[in-house]
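Report on the following structure.
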Amino acid sequence: MSGNPSPLPPNTNPIVSNPDGTYTRLFHLPSIPATPDDDGHSSVLSKDIVINAENGTWFRVFIPRQVLHSNQKLPILVFYHGGGFVFMSAASTTNHNFCSKIASQLLVVVASIEYRLAPEHRLPAAYDDALEALHCIKISQDIWLRQYADLSNCFLGGCSAGGNIAYHVGMLAAEIVDDLEPLKIKGLILQHAFFSGLERTESEVRLGSSSILTLAGSDRMWNMSLPVDANRDHEYCNPLVGGGSINIERIRVLGWRVLTCGVYGDHLIDKQMELHRMLEEKGVQMVLYLGEGYHGMEIMEPSKADGLIAALKQFVSSTVSCNTNCLL
């Protein structure tokens, strides 16, 4: 794919309700299976691990092949995919390829989470699944996680709705850090994070019809994913309401760092920057990466991900280095 992908026609509803209460999604991206076997050629291996069979949740682990031949443990990035809480999967080819790329280039273990989707499962279902995944990872006996993942250097990250999940699950996790041991979160990565509010921002008005993610599309997905009768000033959608989460102070005290990644062509950029400034004003250690492009560009066009990859690599390595030096 090249150029700015065309959004769905503005009057097209990408998901329709059926008389029996089920839903049919008209928007699909191809999927790809995990690649667990070492054939000597793949730079990254992957496999799927069940979280909750009843809920149909699982995660896909990615490890750089080179780690198989060393005693080195790598930081772990827990990644939440995008799709407006309504679409896509950890198995979607675009997400699989992106996670494979960051595992290889950042030299990290990636755990990409498959969470329940709305409208069948409205928020906070995705947050519940995302938090359950952390508990699953911390106790997992899987050889890849036990042998190659440094759980004491954990990052939560995601793109679009996944960035929203990383933020809210970070707030929840900050309350239960002792329960998550030996998993220790060191930072949050908010990539093109999916936030909004009732009051339109300047970028929403200016860019709302010119991106792969339109303003009308965003509104539809919020209507399908927020709790029934909630509006866009619900805290799940607008993290600035009421002055922000009470757990921001916990994150500051814990010393977590937060990386905001945005692009100027995304109509969500103003809300992302509002959150960035609020966290900064509250004393959270903030890092900012801004580039040119459209919402989700690095996922849809891997050839344009070099700037983001460099920012992620610097953020993870500097955070790990800082925490290591602090222990000396």
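Things to note:
- Placing unit charges on the Cβ atoms of the charged side chains and taking the dipole of the chain about its Cα centre, the candidate lying farthest along the positive direction among 18, 75, 293 is 75.
- Given charges at beta-carbon only (K, R positive; D, E negative), |dipole| of the chain in Debye: 580 debye
- The stretch 1-148: proportion of alpha-carbon pairs further apart than 22 angstrom, %: 45 percent
- Coupling constants for the stretch 44-55 follow from the phi torsions by the Karplus curve (6.51 cos²θ - 1.76 cosθ + 1.60, θ = phi - 60°), and in residue order they are 9, 10, 8, 7, 9, 10, 6, 9, 9, 4, 5, 8 Hz; glycine and proline get x.
- The ranking of 77, 240, 226 by Cβ neighbour count inside 10 Å, starting from the fewest, reads 240, 226, 77.
- Local electrostatic count at residue 42 - Lys and Arg +1, Asp and Glu -1, tallied over other residues with Cβ under 15 Å: +1
- Cα gyration tensor, the stretch 201-298 - rounded (a/c under 1.5), prolate or oblate: oblate
- For the stretch 20-152, the relative contact order comes to 28 percent (Cα pairs under 8 Å, sequence separation of at least 6).
- Counted charge near residue 254, where neighbours are those whose Cβ lies closer than 15 Å (Asp, Glu -1; Lys, Arg +1): +1
- Placing +1 on the Cβ of every Lys and Arg and -1 on the Cβ of every Asp and Glu, with no other charges, gives the stretch 73-218 a dipole of roughly 440 debye about its Cα centre.
- Long-range HN-HN contacts of residue 159 with modeled amide H, under 5 Å: 80, 82
- Backbone amide hydrogens, once placed in the peptide plane, bring residue 23 within less than 5 Å of 18, excluding anything fewer than 5 places away on its chain.
- Unit charges at the beta carbon, dipole of the stretch 15-327: most positive-side option, 237, 278, 315: 315
- Global geometry of the stretch 115-168, whether rounded, prolate or oblate, following the gyration tensor of its Cα atoms and the 1.5 cut on a/c: prolate
- The chain: relative contact order as a whole-number percent, Cα under 8 Å and 6+ apart: 16 percent
- Pairs of lysine residues in the chain that meet both criteria, 8 or more places apart or on different chains and Cα atoms under 19 Å apart, total 17.
- Simple Cβ-charge dipole of the stretch 229-320, Lys/Arg +1 and Asp/Glu -1, about Cα centre, in debye nearest 20: 380 debye
- Sequence-distant residues sharing a close amide H with residue 263 (under 5 Å, placed H): 291
- Rounded to the nearest 5, the antiparallel percentage of DSSP beta bridges internal to the stretch 15-327 is 35%.
- Based on DSSP H segments of at least four residues, each scored -39500 (n - 2.57), the chain has a per-residue ellipticity at 222 nm of -10500 deg cm²/dmol.
- Residues considered: 37, 229, 20. Largest GNM mean-square fluctuation over the chain, using C-alpha springs under 10 Å, is found at 20.
- Three principal axis lengths of the chain [C-alpha, angstrom, descending]: 54, 44, 39
- Note, ³J(HN,Hα) from phi for the stretch 301-316, Karplus 6.51, -1.76, 1.60, rounded to Hz, x at Gly and Pro: 10, x, 5, 9, 9, 4, x, 5, 4, 4, 5, 5, 4, 5, 5, 5
- Couplings for the stretch 282-296, taken from phi via the Karplus curve 6.51 cos²θ - 1.76 cosθ + 1.60 with θ = phi - 60°, read 8, x, 6, 6, 10, 10, 10, 10, 10, x, 8, x, 10, 4, x Hz in order; Gly and Pro are left as x.
- Residue (of 33, 131, 218) at the positive-pole extreme of the chain, dipole from beta-carbon charges: 33
No lab work stands behind these numbers, since they all come straight from the coordinates. The structure presented is a predicted model; accordingly, all values stated were derived computationally and were not measured. Backbone-built Cβ (ideal geometry, glycine too); neighbour counts: all protein chains shown.
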